[in-house]
Every structure is written in structure tokens, then in C-alpha cells.
1. Has the range 179-189 got any residue that is modelled with pLDDT of 95 or more, touching a helix residue (DSSP H, G or I) at 6+ places or on another chain (Cβ under 6 Å), more than 23 Å from residue 119 (Cα to Cα) and not in a loop (DSSP other than H, G, I, E, B)?
2. When only residues in the range 290-324 that are farther than 30 Å from residue 71 by Cβ and touching a strand residue (DSSP E or B) at 6+ places or on another chain (Cβ under 9 Å) count, which is surrounded by the fewest Cβ atoms within 10 Å (Cβ to Cβ)?
3. Determine whether the range 123-132 contains at least one residue that is buried (at least 19 other Cβ atoms within 10 Å of the Cβ), modelled with pLDDT of 95 or more and within 25 Å of residue 230 (Cα to Cα).
4. Would you mind stating whether residue 274 is touching a helix residue (DSSP H, G or I) at 6+ places or on another chain (Cβ under 8 Å), surrounded by 14 or more Cβ atoms within 10 Å (Cβ to Cβ) and outside the structural domain of residue 119 (by TED's automatic domain parsing)?
5. Can you find even one residue in the range 202-225 that is under 19 Å from the mean Cα position of the chain (by Cα), surrounded by 24 or more Cβ atoms within 10 Å (Cβ to Cβ) and closer than 20 Å to residue 109 by Cα?
6. Out of the strands (runs of 3 or more DSSP E) lying entirely within the range 1-96, which hold 2 or more residues that are closer than 24 Å to residue 336 by Cβ?
7. Considering only residues that are touching a helix residue (DSSP H, G or I) at 6+ places or on another chain (Cβ under 9 Å), within 16 Å of residue 362 (Cα to Cα) and touching a residue at least 40 places away in the same chain (Cβ under 8 Å), which ones fall in the range 25-52?
8. Would you check if residue 287 is touching a strand residue (DSSP E or B) at 6+ places or on another chain (Cβ under 8 Å), farther than 15 Å from residue 92 by Cβ and assigned by TED's automatic domain parsing to the domain that holds residue 113?
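The values are calculated or read from the model by the stated rules, or taken from the named source; none is laboratory data. Nothing here was measured: the structure is a model prediction, and the numbers come from that model. A quick note on method: Cβ atoms are made from the backbone with ideal geometry, for glycine too, and the neighbour counts reach across all protein chains shown.
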């Protein structure tokens, strides 16, 4: 008996329709592969928006979770637990920073950064009370809280959720002159994604990130890099900023930090920045909990070997070469870095949603965004042969539509 149609109907009946998922109902997974309730297998080319950089159920991460589940899962930050210091130290060392502030979700990390930047601006930079501004980029995606959508330019994310939070200046992504012009004495931070994921894996122009670093240093403004999707091995380096030789003042991390097991996020910065917080001024009951720290510490240790960064760089070169060969054969553009690609399908052939539905029929799962664009972000444990298979299925979908 086929179970998928009924499971899809039940999900539609009992949940708010804030997502439009493909009609696939997953029941198990391992590595880069998913299996649905009817036993059909799919190659995962989304990896939970980079939350599954290390694949599904990575043995080292699962072992850490199991071991911690048998001991201790939650204390709140009212007490210190025995996993906390190791996680914070090892993540700080990975980032080359002094301090870590653990949270849960990516949006929480962004909200934390906004609060820290404002407090730093008032206490360190000397911005008059209540006047702090933060420069952000068009096409950004930093989360969906009311403050964050206040500076979104995506109408789906923003419309009908006002009144909006003030204090943000939006400039074109990749336009260094516009960014510099938006900074004044009230500016406390520039908050950007080193590569814009939700926008379609948009890589900024060469020299942009070093330029942002220079301007922020010259104007005494914090450079806050949202590496929640782009970081932790996805682009072929530990952080996407590394590809440009840039070190921000604050790293915002999440998604892959939880190993695909638990939600973990963090703000990582030096003491002169995170040190502005005092007890009672910010927190989270679940932030930095023992289970999260146990898993995330193993994630940091996986990254410390450099293996996953190398895999992403080497296999990413293969992926991008094979995708570029499809330009003119149904694709009109390919962007990205490492095992992360945004591909634009000729809209005369089909939408991105239609392409993802046809790929799913051929056993490959991906996600569309903004009309005819598809994001490809397979787990970093994917093999060369599996990547070739995914591109072959995409080529077949494009050929069938021409």
C-alpha cells in the first residue's frame, strides 16, 4: 500500500501552511541518502539548508548524542555543566576569537548580534542612546523574527508583519561605495552574508568582502558575518570569509553546528565586543545545553581535521564544472562556491518548483527559490559518483523540457 499521498494530506490538514514542501515523506536517512515511507530512496541535494553538512546520522555525532542522552540533557545557564567549557573553547579557537555566546537557532544568533552591536555602539563607540544604526544588504536572509524581517527586501518574508523595527539601512549587495556612503557616526555594524544563500547562492564581486573589512576598520564599525548557511565547510573553507582572506569582528554560526541533530547557534567574537554583556542582559534557557554542546563539540572536531573543507573544495570544483556544461542547454547561469550552487533555469522551460518536482521523480531532492532558481547543497559526505548522478538527472530534466 502506498503511504505517501495520505501522509501528505494529513500534514496539510494539521499544520499551518507556512511552507510549501515537495510531496515527499521521509522516514529514514543515512549519509547523503533519504528514504521515504514507501521505501523509495532520494539523493539529498539540500542538506537541510546546510544544517546537514556532515550528512544524515554521522556516526561520530550520533555517538556523542547517545552518550550525552544517557547522562544529562539540560541544566539551564543557571548552572555550569561539564560539556560547556570545552565547546566554547574549541569553537572560539576554530574561529580565532576570545568568546562564544551559545544560542539555539540562526535567527537567535542574528538577534543576539544586533543587541551586542548596539550595546557596543553605546558603551564603546559612544553613539548617543537610542540612535544606533546597522547597515544591511538587499536580498538578505537572516531569519524571520519581527526585527529581522524589518530589514528584509523579500516581500513574502516582510509584508503584513509590521510595524517594523527601525535602525537599519539597506544598500545593494556587492556595492561597496553604497555601503560606505550609508555609514555615519551612528553606525555600529555592517551585517552581511559573505554569500547570499536564500537569494540564490549569490557570490559578491571580487574585492567586496576585503573592502567591507577595510571600511569597517576605518570607520570604527563592527563587521558581522552571517555564516549560518555559508560557514562550517560549505564553501571549501571553514568560513566563506576565509575564501577572501577576511576576518569579521563577529561570526554568526548555526545550522551545521548542530550536526543535523539539535538546533545550535553561536555568536563568536573577541572580548572587547562580547564583553559588553553583563548577567541578566541576554540569555536562553536552552542555549548551550549539555546535549547541544556535546554534539557541537564533535562538529568542531570534525572541522578541525580539515577533511570536510577539502572535500567541499575538490568535489565543489567537479560540481561547478559539470553544471557550467549545462549552460545553454536549459540553464542560463551557475553561481556558488564549494559544494554550494545556485542555478538559474531558463524560465521559458519551467519554474524552479517544477524542476524540483521533476528531479524528485528521478530520485534527487533540491529546493527552488525566487522563481526559476534552484539551490544545490549536498552534504559534504557526498561522493563524486553521487554528484555526477545528480547532475545527470538535472540534465535529463532539462532535456525533457526542451
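1. Residues of the range 179-189 modelled with pLDDT of 95 or more: 179-189.
Restricting the remaining residues to those that are touching a helix residue (DSSP H, G or I) at 6+ places or on another chain (Cβ under 6 Å) gives 180, 188-189.
Those left that are additionally more than 23 Å from residue 119 (Cα to Cα): none.
No, because not a single residue in the range 179-189 is modelled with pLDDT of 95 or more, touching a helix residue (DSSP H, G or I) at 6+ places or on another chain (Cβ under 6 Å), more than 23 Å from residue 119 (Cα to Cα) and not in a loop (DSSP other than H, G, I, E, B).
2. Looking at the filtered set, the residue picked out is 324.
3. Within the range 123-132, not a single residue is buried (at least 19 other Cβ atoms within 10 Å of the Cβ), modelled with pLDDT of 95 or more and within 25 Å of residue 230 (Cα to Cα).
4. Values: touching a helix residue (DSSP H, G or I) at 6+ places or on another chain (Cβ under 8 Å): yes; surrounded by 14 or more Cβ atoms within 10 Å (Cβ to Cβ): yes; outside the structural domain of residue 119 (by TED's automatic domain parsing): no.
So residue 274 does not fit the description; no.
5. Taking the range 202-225 first, the residues under 19 Å from the mean Cα position of the chain (by Cα) are 202-204, 209, 223-225.
Now restrict to residues that are surrounded by 24 or more Cβ atoms within 10 Å (Cβ to Cβ): 209, 224-225.
With the extra rule that they be closer than 20 Å to residue 109 by Cα, the set shrinks to 224-225.
So far as the range 202-225 goes, yes, one or more of its residues are under 19 Å from the mean Cα position of the chain (by Cα), surrounded by 24 or more Cβ atoms within 10 Å (Cβ to Cβ) and closer than 20 Å to residue 109 by Cα.
6. Numbers: elements: 26-30, 33-36, 41-44.
Per the criteria, 33-36, 41-44.
7. Within the range 25-52, 32, 40, 42, 43, 45 qualify.
8. On the way: touching a strand residue (DSSP E or B) at 6+ places or on another chain (Cβ under 8 Å): yes; farther than 15 Å from residue 92 by Cβ: yes; assigned by TED's automatic domain parsing to the domain that holds residue 113: yes.
Against the criterion (touching a strand residue (DSSP E or B) at 6+ places or on another chain (Cβ under 8 Å), farther than 15 Å from residue 92 by Cβ and assigned by TED's automatic domain parsing to the domain that holds residue 113), residue 287 qualifies.
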